[in-house]
Amino acid sequence: MTRSIRRRSTAAAAGCALVLVLGAGFAGAAPAAAQPERYTAEQVRGFLVGFYGQHGPSRYDREHKVTPELRKKAAETKDYDLLLCAQNEPRNISVGKVTTAQSAGVGWSTITTRWGGGPDGHFTAYVGLDASKPMKLYDIACER
């Protein structure tokens with residue numbers, strides 16, 4: 001009888017130890033960091049500031065940081081540079097406050113272009129917010 005109780009106690013202790021070891025292993029395993037589903041306004045602003053720089057987008061940015069649809073639309077716009085809403089290179093460019101519509105998956109900002117002696121120009125740049133893809137310029141609305 002004593003042997004039977006001793007075996008049961010040993011088995012119970014082993015079972016408890018196994019539960020503790022397995023439980024600690026699972027508790028110690030941190031869940032993988034979840035990727036954000038949407039880009040934030042701060043990220044969109046950083047993208048636009050980098051994209052436009054001081055004088056407009058580089059050839060590389062025009063090719064790789066613009067959606068194919070907008071790139072086609074820009075190529076078909078012969079009277080002016082659609083990505084700048086202008087015919088010439090501005091002296092300076094600034095990016096305004098960014099607004100995001102998370103549910104619509106789009107963010108936008110007013111871009112201001114400054115010229116030598118003429119009035120400032122303004123247009124709106126739209127960026128897709130789907131963080132599972134690289135950020136790209138989605139559309140432009142020129143004030144014409």
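Brief remarks follow.
- For Asp81, distant residues with modelled amide H under 5 Å away: Ala86, Gln87
- In the structure shown, the pairs Lys73/Lys136; Lys73/Lys97; Lys72/Lys97; Lys97/Lys133 are assessed against 21 Å; a Cα-Cα span above that value is assigned to Lys73/Lys97; Lys72/Lys97; Lys97/Lys133.
- Note on Lys78: lysines with a C-alpha under 21 Å away, same-chain residues under 8 apart excluded, are Lys65.
Every read-out reported here was derived from the displayed coordinates using simple, explicitly stated rules and does not represent laboratory data. None of these values were measured; they are calculated from a predicted model.
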